[in-house]
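Participant: My questions all concern the structure below.
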Amino acid sequence: MKNREVAAALRELADSMELLGEDRYRVANYRDAATRVEHHHEPIEVMAEEHRVEQLHGIGKSIGAKIVEYLETGTLAAIEERRPRVPQAALRLMQIPGVGPKRAMQFAQELNVQTIADLQAALDSGQIAALPRLGEKIAEALRIELQRLDARSQRLPLAIALPAAEEVMRQLRACAEVQSVAVAGSIRRWRETTGDIDILVASSDPTVVMEAFTRLPVVKQVLGAGDTRASIVTVADVQIDLRVVAPESIGVALQYFTGSKEHNVKLRALAVRRGLKVNEYGVFPADDDSRNLGSRSEEEVYAALGLPWIPPELREGAGEIEMARRGALPVLVSESDLRGDLHTHTRLTDGSSTIAEMVRAGLERGYAYLAITDHSQALGITGGLTDDELRAEHAQIRELQPEYPTMQLLCGVEVDIHIDERLDCSDEFLESCDVVVASIHSALQKPRSVQTSRLISAIRNPHVDVIAHPTGRLLGRRPGYEIDLAAVLDACASHGVAIEVSGQPSRLDLDADGIRAALERGVKLVLNTDSHAADQIGELMRYAVGTARRGGATAESIINTRDFAGLQRWLRREHT
Ligand SMILES: [Zn+2]
Ligand SMILES: [Zn+2]
């Protein structure tokens, strides 16, 4: 998958153009295209091969041609021809959020800052703060951005790590000596970012598996290979470590490598209290290495310790072992519990599929209902719609309904919450909707009290059903806007409004902690994909489910696990 590489090239071009003072509109177009390519789930090279690059929203003929050019030649003539005129140090510095072309030039020319390390040193020595028009406040903001950049380079987002691991597992399964293969570590716990990617294989013939692993088509580079362990870098530039264990030890190995560290420390302490010990071969009585009490499966391992199997998503050492001992583990929601999706977009705003394509994707997934919730007008960059345009869209949706007797189509909107707390649609229009999703997309820097009352005022509107991506965070790019989540959840509880768990891999918002806080208050959850393309409907729900499971959510706590009649009863409730 070359999406990240292509996105980097488009960004470099945009930065070069900006440094040279070229047309800002075109610069913005390239940046926007880079973001879309980067977050698109399908390999861009496959789309290019099938001449489908322009299906991506915002990518026209000229950017489409550049993408193809990059894939064919490994570079862009537009970058090369600008290169002699572009100061390379400034270009590097512009990778830091908050450093635009003017500042990058200022740092490069006035302080001879050439690299990000130089910038860190200049910040530490106070030189940056002393520059004209800068000061300590901006210097501090830059320090924070540098820390963030550093953190980002060390942990991969789940949406990159998981598909990379899955591709390796898929290719490994072709090897006859592989009895079973699983991904361990934080990916298996659905943590939102991951350090190492550990794949475990059960096999009686590690030599053959090692051979096969280091020669998989997905391998770009072999970093090291021993008898039972190897590390490779995939063509998507992701490092993956493989361990081969004997089939009779795969359960205990999977348990150990899934972690978390905190969970395993507590589990081992429990073993000691029970006169047992756990090692890489199994669970044994402390004084008898010959009697293996459990090792083939995780279930056996936990049972040997007197516990039911604990789902990986709960293994954070945060009370799950005590719950398991009391027999009080929640029955977590699973993907098959979901009956529909209440937050999707079409190409009438910033999606890339038609209404009919979205509906068919919902049908293919076997959903009982699907809501189309395009953006309201305030969101200019998304092509947001006026009330009348949304009404026209709803008419189209209703016209399609008879073709889909097994699936209910819901006419909805993702209504923007203005900074002055007004909603972006009239009450009269909102009342006509089957489902109303409200969210914040602008003025993200306002103080916590402002954002909190913004959300609460939307929650008080009797037509609002769901608050979407409640904290607004974008993983690895920006923290959320600040809110008093407890106050927002209290308002949801008293007004019967549900809170979203977004399956968009860059959001996963609410997160596990927020979900727990919602469940404690009896606030209902809605698991949505916020799909902007038809295939996301099928692919992204699992990210919402994994996140909800980390938060301990059961099917009962989630509105869109209900059948259509149940959903309708909830949507028609008295909100006040
Ligand atoms: Zn949104
Ligand atoms: Zn949305």
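Participant: Output the Kirkwood hydrodynamic radius of region 160-306, Cα pairs only, in Å rounded to one decimal.
Facilitator: Result for region 160-306, one decimal place: 15.9 Å.
Participant: With charges only on Cβ, +1 for K and R and -1 for D and E, what is the dipole size of region 159-236 about its Cα centre, in debye, rounded to 20?
Facilitator: 180
Participant: Regarding region 250-325, what whole-number volume in Å³ per residue does the convex hull of its Cα atoms give?
Facilitator: It comes to 72 Å³ per residue, whole-number rounded.
Participant: Based on C-alpha coordinates, I'd like the Rg and Dmax of region 102-206, in Å.
Facilitator: So, for region 102-206, Rg and Dmax equal 22.1, 67 Å respectively.
Participant: Given a Förster radius of 60 Å and the C-beta distance between GLU110 and ASP490 as r, what FRET efficiency does 1/(1 + (r/R0)^6) yield to the nearest 0.05?
Facilitator: 0.75
Participant: Could I ask something else about it? Take the Cα pairs of region 3-153, get the Kirkwood Rh, then feed it into Stokes-Einstein at 10 °C and 1.306 mPa s and tell me D in µm²/s.
Facilitator: This corresponds to a translational diffusion coefficient of 96 µm²/s.
Participant: When the helices in the chain are scored as -39500 (n - 2.57) per DSSP H run of 4 or longer and the sum is shared across all residues, what 222 nm value do you end up with, to the nearest 500 deg cm²/dmol?
Facilitator: So the calculated ellipticity at 222 nm is -13000 deg cm²/dmol.
Participant: Continuing with the same structure: Applying the Karplus parametrisation 6.51 cos²θ - 1.76 cosθ + 1.60 with θ = phi - 60° to the phi angles of region 400-405, what ³J(HN,Hα) value in whole Hz is obtained for each residue in order, glycine and proline being reported as x?
Facilitator: Along region 400-405, the couplings run 6, 3, x, 6, 10, x Hz.
Participant: Eigenvalues of the Cα gyration tensor times 5, then square-rooted: what semi-axes does that give for region 325-385, in whole angstrom, largest first?
Facilitator: One finds semi-axes of 33, 16, 7 Å for region 325-385.
Participant: Using a 1.4 angstrom probe with every protein chain in place, what is the largest-first accessible-area order of SER204, SER249?
Facilitator: I get SER204, SER249, largest accessible area first.
Participant: Out of every Cα pair in region 242-383, what percent are spaced more than 27 Å from each other?
Facilitator: 47
Participant: By DSSP, what percent of the beta bridges with both residues in region 156-245 are antiparallel, rounded to the nearest 5?
Facilitator: Percentage antiparallel, nearest 5: 75.
Participant: What do you get when you divide the Cα radius of gyration of region 365-448 by 2.2 N^0.38 Å, with N the number of residues?
Facilitator: Against the compact-globule rule of thumb, the ratio is 1.21.
Participant: Still on this structure: Could you tell me what % of all Cα pairs in the chain have separations over 31 Å?
Facilitator: Counting every Cα pair in the chain, those more than 31 Å apart make up 57 percent.
Participant: Could I ask something else about it? With θ set to phi - 60°, apply the Karplus curve 6.51 cos²θ - 1.76 cosθ + 1.60 along region 100-115 and write out the HN-Hα couplings as whole Hz, x wherever there is a Gly or Pro.
Facilitator: Computed from phi, the couplings for region 100-115 are x, x, 5, 5, 4, 5, 4, 5, 5, 7, 7, 10, 6, 7, 9, 10 Hz.
Participant: How big is the accessible area of LYS446 in square angstrom, nearest 10, if you roll a 1.4 angstrom probe over the protein chains?
Facilitator: Accessible area, nearest 10 Å²: 90 Å².
Participant: Round to the nearest 10 and report in Å² the accessible area of VAL413, as given by a 1.4 Å probe over the protein chains' heavy atoms.
Facilitator: Only protein atoms counted, so the area is about 0 Å².
Participant: Could you list, bin by bin from short to long, the percent of Cα-Cα pairs of region 480-536 in 10 Å steps?
Facilitator: Spelled out per bin, shortest first, that is 23, 50, 22, 5.
Participant: Order LYS2, LYS137 by their accessible area, 1.4 angstrom probe, all chains in place, largest first. Provide the component values of the computation, followed by the final result.
Facilitator: Details: LYS2 85, LYS137 180 Å².
Most to least solvent-accessible, the answer reads LYS137, LYS2.
Participant: Now for a separate question. Just want the answer: with Cβ charges of +1 for Lys and Arg and -1 for Asp and Glu, which residue in LEU242, PRO312, VAL265 is farthest toward the dipole's positive end in region 230-327?
Facilitator: VAL265
Participant: Moving on. What translational diffusion coefficient, to the nearest whole µm²/s, does region 287-363 have by Stokes-Einstein, given a Kirkwood radius computed over alpha-carbon pairs, a temperature of 20 °C and 1.002 mPa s viscosity? The partial results should precede the final answer.
Facilitator: Values: Rh = 16.7 Å.
Translational diffusion coefficient: 128 µm²/s.
Participant: Moving to a separate point now. In sequence order, what are the phi-derived ³J(HN,Hα) couplings for region 463-473 according to the Karplus relation 6.51 cos²θ - 1.76 cosθ + 1.60 with θ = phi - 60°, rounded to whole Hz, with x for glycine and proline?
Facilitator: 8, 7, 9, 9, 9, 8, 4, x, 9, x, 6
Participant: Rounded to the nearest 5, what is the percent of antiparallel bridges among the DSSP beta bridges in the chain?
Facilitator: Working: 24 of 54 bridges.
The antiparallel proportion sits near 45 percent.
Participant: Right, here's the next one. In the calculated pair distance distribution of region 49-125, what percentage of Cα-Cα distances lie above 16 Å?
Facilitator: In whole percent, the long-distance tail amounts to 62.
Participant: From the cross-link list LYS2/LYS61; LYS137/LYS446; LYS2/LYS220; LYS102/LYS137; LYS102/LYS446, which pairs have alpha carbons spaced over 22 Å apart? Spell out each step's value before the answer.
Facilitator: Details: LYS2/LYS61 20 Å; LYS137/LYS446 17 Å; LYS2/LYS220 13 Å; LYS102/LYS137 18 Å; LYS102/LYS446 25 Å.
Cα-Cα > 22 Å for LYS102/LYS446; rest within.
Participant: Could I ask something else about it? About its Cα centre, how strong a charge dipole does region 250-325 have in debye, to the nearest 20, once Lys and Arg get +1 and Asp and Glu get -1 at the Cβ?
Facilitator: Using only the charged Cβ atoms, the result is roughly 200 debye.
Participant: Expressed as cubic angstrom per residue, what is the convex hull volume of the alpha carbon set of region 335-571?
Facilitator: Output value, Cα hull per residue: 107 Å³.
Participant: Taking +1 at the Cβ of each Lys and Arg and -1 at the Cβ of each Asp and Glu, which of TYR404, ALA378, LEU527 sits farthest along the dipole of region 335-571 towards its positive end, judged by Cα position relative to the Cα centre?
Facilitator: Value computed over the given set: LEU527.
Participant: Let me ask something additional. How high is the relative contact order of the chain, in percent, counting Cα pairs under 8 Å that sit 6 or more residues apart?
Facilitator: Once normalised by length, the contact order is 9 percent.
Participant: Using only the alpha carbons of region 156-245, what is the convex hull's orientation-averaged projected area in square nanometres?
Facilitator: 4.9
Participant: Put LEU119, LEU111 in order of accessible area, largest first, 1.4 Å probe: what do you get?
Facilitator: Output order, biggest surface exposure first: LEU111, LEU119.
Participant: Mind putting a number on the dipole of region 335-571 about its Cα centre? Charges go on the C-beta only, +1 for Lys and Arg and -1 for Asp and Glu, and I need it in Debye to the nearest 20. Numbers along the way, then the final one.
Facilitator: Details: 23 positive and 36 negative charges, 158 e Å.
About 760 debye.
Participant: Here's something else I'd like to know. I'd like the accessible area for PHE564: 1.4 Å probe, protein heavy atoms, all chains in place, Å² to the nearest 10.
Facilitator: 50
Participant: Another question about this same structure. Where the eigenvalues come from the Cα gyration tensor of region 488-576, what are the semi-axes √(5λ) of the equivalent ellipsoid, largest first, in whole Å?
Facilitator: 21, 16, 11
The values are calculated or read from the model by the stated rules, or taken from the named source; none is laboratory data. Just so you know, these numbers come straight off a predicted model, no measurement behind them. A quick note on method: Cβ atoms are made from the backbone with ideal geometry, for glycine too, and the neighbour counts reach across all protein chains shown. To get the accessible areas, we keep the full protein, side chains included, count just its heavy atoms, and leave off ligands, DNA and RNA. Shrake-Rupley method; radii C 1.70, N 1.55, O 1.52, S 1.80 Å.
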